[in-house]
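Below you'll find the structure, written out as C-alpha cells, and then a few comments.
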Amino acid sequence: MIFGLLLHILAATIWVGGMFFAHFMLRPAAAPLEPGVRLPLMRRALARFFPWVWVSIALLALSGAGMIKLGADSLSIQIMMGLGIVMMLAFGHLYFAPWRRFQRALDGGDLPAAAAQLTQVRAIVTFNLVLGLVVVAIGATGRYWQ
C-alpha cells in the first residue's frame, strides 16, 4: 500500500505541479513573444508535458483503484476520486480536441486559429489546476475529517 501511495503522490505532483508551472511561469514568460515564436514554443513545451500527464493519469487510476481495493475508503477519498475522474475527462477533451486543432492550425500556418485553440487549452488547464489544488488539499487533510 505504501508503494501505491508513493506512486499516487508522485503522479499527482507531476500533473498538478506541471500545470502550475505552465500557467503561472511559462505562459506569462512567453506572452511578450511574437505569435510566430510563442505558439511553437508552447507546442514544444506542452508536447513534452502531455506524455507525463498520460503516465500520471494511468498511475493515479491504477494506484487509486489498488488502494481502494486494499480498504482505503473514506469521504475524502471518494471526493478525490470523483474530482480526479473529472480532471481525467477534461484532460482527454483537451488533448483530443483543442490540442489537436491547435497543432493542425499551427502546422497550416494559421496563427490566429492556433492562438484561439491555445486559449481553449489554457482554459481547461486552469479548470484542472483549480480542481487539482483542491484534490491536493483534500489529500493532505482528509485523514483529519473523521
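The values are calculated or read from the model by the stated rules, or taken from the named source; none is laboratory data. Just so you know, these numbers come straight off a predicted model, no measurement behind them. Counting neighbours? That spans all protein chains shown, and the Cβs are built from the backbone with ideal geometry, glycine included.
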Exercise. Kindly establish whether residue 70 is at pLDDT 95 or above and among the aliphatic types (A, V, I, L, M).
Key: no
Self-check item: the range 63-90: number of residues that are of a type outside the set (Asp, Glu) and without any contact (Cβ under 8 Å) to a residue 24 or more places away in the chain
Solution: 9
Quiz item: Going by the structure shown, is residue 65 out of contact with any Pro (no Cβ under 6 Å at 6 or more places or on another chain) and under 28 Å from residue 45 (Cβ atoms)?
Solution: no
Exercise. Give me a count of the residues in the range 55-86 that are surrounded by 13 or more Cβ atoms within 10 Å (Cβ to Cβ), in contact with a Phe, Trp or Tyr (Cβ under 8 Å, 6 or more places away or on another chain) and either at positive phi or hydrophobic (A, V, I, L, M, F, W, C) (or both).
Key: 2
Quiz item: Only one of these conditions is not met by residue 95: (1) more than 11 Å from the chain's Cα centre (by Cα); (2) among the hydroxyl-bearing types (Ser, Thr, Tyr); (3) modelled with pLDDT of 95 or more. Which number is it?
Solution: (1)
Quiz item: Just for helices (runs of 4 or more DSSP H) wholly inside the range 1-102: which have at least 2 residues that are within 16 Å of residue 128 (Cα to Cα)?
Solution: 2-21, 35-69, 75-94
Practice problem: Return yes when residue 26 is closer than 30 Å to residue 9 by Cβ, without any contact (Cβ under 8 Å) to a residue 60 or more places away in the chain and surrounded by 13 or more Cβ atoms within 10 Å (Cβ to Cβ) and no when it is not. | Solution: yes
